[in-house]
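To keep things clear, I will list the structure first and then write my remarks on it.
Nothing in this text is a laboratory measurement; each read-out follows from the coordinates by a stated rule. These numbers were taken from a predicted model, which means no experiment stands behind them.
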Amino acid sequence: MADIDPCPICKGALEEIDVAPCYDCGHEPAELEELSRREHEYFVYSAFGQEIVLCDFCDVDFGSYDPNYFGWPKRRPDDGLLERVRAIDDPRPARDGYCSHCRHRKAFLSFLKAARKYNNAKLHEAKNAR
Ligand SMILES: [Zn+2]
Ligand SMILES: [Zn+2]
């Protein structure tokens, strides 16, 4: 197996695992079973200028993340933070890296890194506009 890139957030080594489509919970073994039983719908969303795939459970939960985690200084995300882009018609398992330190899969961590960068740039813009 080829070496996979380190974690985009903590630079720790990633473990390659089977994942369900959801970036947020797809690394959990139960999710693969739920995927095979077609228990969830999956959607591509846009948030903080990035695309993220979430299941119909995590999309509801997404607003409970502390926006600071994504580099956004407000206490609560704006309404309509998640914009639904399209449904995933034929969800399948995939392989992804998992960081046991950050406890997320690489797809989520890459989203997180890009979201922080995006929000940071937005904050600078807002400051400079004043
Ligand atoms: Zn990590
Ligand atoms: Zn999920």
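Among SER110, SER64, SER46, which one shows the highest mean-square fluctuation when the chain is modelled as a Gaussian network with alpha-carbon springs under 10 Å?
Largest GNM mean-square fluctuation: SER64.
How big is region 78-123 along each principal axis, measuring the range of its Cα positions in Å and listing the largest first?
36, 30, 15
Karplus couplings for region 11-19 from phi (6.51 cos²θ - 1.76 cosθ + 1.60, θ = phi - 60°), rounded to Hz, Gly and Pro as x?
Here the 3J(HN,Hα) series is 6, x, 6, 9, 9, 7, 9, 7, 9 Hz.
From the P(r) of the chain, can you give the percent of Cα pairs sitting at distances over 18 Å?
56 percent
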